[in-house]
Amino acid sequence: MVLFLLFLIPSSVALLIVHYNREGEKIVVPVIPFFWGMLLFLPSLLLQSIVSGFLEPSYTAWGLYLHTLVKEHFLFLGFAVGGAVLLRQSLFMPVKQSSLYTTLAFFGGYYSALNVYAYLERITHLDFYALFLLPALTLATVVLAALLLVQFAGFYGVAKYASLTALMSLPFLAAVVPVLYLRALHVFSFIGTILIVGAAGALFFVQKEKIY
């Protein structure tokens, strides 16, 4: 069960890249962007620790949501997107055939490190959310963040800003799942995870050929 948390993202990202990123008979696996993502997680963890020190825990529904949003989703995703923008010349600019897969590898490395941190943080109280819902949710975040960021860079007009709006909305949607779980609404948190994962998979398979 712990293996699902630790290895879902790297194995799934590798599978997507190997299956879809082919140049003739050659399979290009962007290993370096994956490790860039892992390295970038370290300073983002420091930032998250500093900000978390100023956050007061709250047990009201909205207070819990805001606390979870900032601590577990908004800061981490914002830092990852910022890092991807700084490395845009190596990842997705100019947008080309390999852009989605290098960016996918980058976010995959970042969120793989995040899942290792989540395991160490919860090692004494691993529950269904940590073992199953969290890795599924972070995998969906990896796919959606990579896809939407590359779409924003490569699209024009309404589609460009629709991608940006969806990317900015992602942490707000993802934060709903852990809050539902913490409020003992386990069935709804499971349904929410399935919906987000389904949306990520559907958007990837529909849009992967349209971004370059």
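The values are calculated or read from the model by the stated rules, or taken from the named source; none is laboratory data. Note that the structure is a prediction, hence the values are computed from the model and not measured. Because the Cβ atoms are built from the backbone with ideal geometry, glycine has one as well, and the counts that use them run over all protein chains shown. Side chains included, ligands, DNA and RNA excluded: accessible areas come from the protein's heavy atoms. Shrake-Rupley method; radii C 1.70, N 1.55, O 1.52, S 1.80 Å.
Descriptive notes on the structure:
- Over the chain: helical MRE at 222 nm, DSSP H runs n ≥ 4 each giving -39500 (n - 2.57), nearest 500: -24500 deg cm²/dmol
- For region 90-145, the alpha carbon positions stretch 45, 16, 10 Å along the principal axes, listed from largest to smallest.
- Based on the reciprocal of the average 1/r between different C-alpha atoms, the Kirkwood radius for region 106-195 equals 14.2 Å.
- FRET efficiency, residue 124 to residue 51 (Cβ-Cβ, R0 25 Å, nearest 0.05): 0.55
- Relative contact order computed over region 56-174 (Cα-Cα under 8 Å; 6+ residues apart), in percent: 27
- Summing Cβ point charges (Lys, Arg +1; Asp, Glu -1) relative to the Cα centre of region 99-212 gives a dipole of roughly 180 debye.
- Region 58-106: mean projected area of Cα convex hull, nm²: 4.0
- Accessible area per residue in Å² at 1.4 Å probe, computed on region 86-212: 45
- Accessible carbon and sulfur surface of the chain relative to its total accessible area, %, 1.4 Å: 75
- Taking all Cα pairs closer than 8 Å and separated by 6 or more residues, the relative contact order of the chain comes to 28 percent.
- Residue-span extension gain [residue 86 to residue 66] - 0.36 nm each, minus C-alpha spacing: 4.4 nm
- The radius of gyration of the Cα set in region 31-82, together with its Dmax, comes out at 13.0, 43 angstrom.
- For region 1-97, the square roots of the Cα gyration tensor eigenvalues, ordered a ≥ b ≥ c, give a/c of at least 1.5 with a/b greater than b/c, which places it in the prolate category.
- Relative contact order of region 1-108, defined on C-alpha pairs under 8 angstrom at six or more residues apart (%): 39
- One compactness figure for region 142-212 is 1.24, namely its Cα radius of gyration divided by 2.2 N^0.38 Å.
- Cleavage-rule hits (chymotrypsin sites (Phe, Trp or Tyr not before Pro)) in region 1-90: DSSP loop, at most 13 neighbouring Cβ within 10 angstrom: 54, 59
- Two-decimal Rg to Rh for region 44-137 - Kirkwood Rh, Cα set: 1.04
- Kirkwood Rh (inverse of mean 1/r, distinct Cα pairs), the chain, angstrom: 17.4
- The longest stretch of the chain left intact once loop-based GluC sites (Glu not before Pro) with at most 14 other Cβ atoms within 10 Å are removed from consideration, loops following DSSP, is 26-208.
- In summary, the helical segments of the chain meeting the span-like criteria, namely a full DSSP H run, a Cα extent along the axis of 27 angstrom or more and a mean Kyte-Doolittle hydropathy of at least 0.5, are 2-20, 31-52, 99-121, 134-154, 186-207.
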